[in-house]
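The values are calculated or read from the model by the stated rules, or taken from the named source; none is laboratory data. Just so we're clear, the structure is a prediction, and the values are computed from it rather than from any experiment. All Cβ positions, even for glycine, are placed from backbone atoms using ideal geometry, and neighbour counts span all protein chains on display.
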């Protein structure tokens, strides 16, 4: 399942997510659309998919990842094929929204919901290994970029859609719902084992495997941890989303690099992201995830400032190293810490409601960077504002304490039988 998850994210990354900034650059060249208009499409799609988060989470908890992923991948492939025929900005907005919803349903959240239920003690490592597929897709984005420059973006978009269907649907069919349905347990440990009981560093993992301490959606939303984790995650995505949309535009229009050279920097950033995922996965299973996530947000902020004021190759490479590692190390921890805090019984729905808050970062980052770049002619002001937001957001993770398990009255079947009174 981890291998299939990684392969699915690889396909979506190399053909859609990680290559969007290149599509944005060629669309700007062909149609003359502003940076703000292009980033608006990204933000609009993220907003809508974020609003659908609770529904998607409920569908995943109710029907499992397989059906949801197949539906999403079908939508994404169809959107990529249709994307090749756009002729206007409104059509671009509609088609990109379809692709974004398909990519969400067919990838990240569905995969996360599945894996957090199959792993507990090794949850961060499993999520990190799965997300390496996303990074590997970014590492090979120069192949897609070279194809766009050689064949044109429209033919490449059609072929990408077909490949997403041919590769993504069989991979989605390998995903499984809850381990209990297959006679398994998380990590394969006995039902009576509670992971993390041997170390204070592991105390965040201490969630009963039988689900008795899992939070309902209402209980999770009432905790401080839910809001602080969501706000911290949103702060990180201020930077991540802006970079995904604007990095190729910034490097080609402001720094003077070609599309191929710009994609090479993306490859360096993605290589560091993979290194971050490996280290973050192992560190997250041993140490406090809140501290690691907070350090990563500082890395996001410093890296974006370096990119904003870059005057040469060393500063651009320093950004790629810092931002890539921070993104990779932080990524798997965002979901692992939620599962550690709230359990897995209602994880999909809890994550879906959290996405309503996280979407604020996804939508705001590209718009702020794009609008300020249109007004000032460069990304210095926009990237600096977003870096400050990420730096302030690091504090949210520091205050995101694990909540106490909900107190519930024992069920009748859990009550101890009455002690018989001795006969007199």
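Take the stretch 220-236 and flag every residue that is touching a residue at least 12 places away in the same chain (Cβ under 8 Å) and either surrounded by fewer than 19 Cβ atoms within 10 Å (Cβ to Cβ) or over 17 Å from residue 347 (Cβ atoms) (or both).
221, 224, 227, 228, 231, 232, 234, 235, 236
Test each condition in (1) surrounded by fewer than 19 Cβ atoms within 10 Å (Cβ to Cβ); (2) free of Cβ contacts under 8 Å to residues at least 40 places away in the same chain; (3) in a helix (DSSP H, G or I) for residue 311 and report the one that comes out false.
(3)
All but one of (1) assigned to a loop (DSSP other than H, G, I, E, B); (2) surrounded by fewer than 19 Cβ atoms within 10 Å (Cβ to Cβ); (3) at pLDDT 70 or above hold for residue 197; which doesn't?
It is condition (3) that residue 197 fails.
Taking the options 85, 97, name whichever one is outside any loop (DSSP other than H, G, I, E, B) and farther than 13 Å from residue 15 by Cβ.
The conditions single out 97.
Just wondering, is there one or more residues in the stretch 397-415 that are modelled with pLDDT of 80 or more, over 30 Å from residue 129 (Cβ atoms) and under 23 Å from the mean Cα position of the chain (by Cα)?
no
Within the stretch 155-168, track down each residue that is under 14 Å from residue 6 (Cα atoms) and surrounded by fewer than 19 Cβ atoms within 10 Å (Cβ to Cβ).
Residue satisfying the conditions is 167 alone.
Filter the stretch 80-106 down to the residues that are within 15 Å of residue 160 (Cα to Cα) and surrounded by fewer than 17 Cβ atoms within 10 Å (Cβ to Cβ) and list them by number.
Answer for the stretch 80-106, where residues must be within 15 Å of residue 160 (Cα to Cα) and surrounded by fewer than 17 Cβ atoms within 10 Å (Cβ to Cβ): just 85.
Would it be correct to say that residue 305 is under 23 Å from residue 137 (Cβ atoms) and out of contact with any strand residue (DSSP E or B) (no Cβ under 6 Å at 6 or more places or on another chain)?
No, not satisfied.
Quick check on my filter: what residues within the stretch 273-291 are crowded, with 21+ Cβ neighbours inside 10 Å and either within 18 Å of the chain's Cα centre (by Cα) or closer than 22 Å to residue 242 by Cβ (or both)?
273, 274, 276, 277, 280, 281, 284, 289, 290
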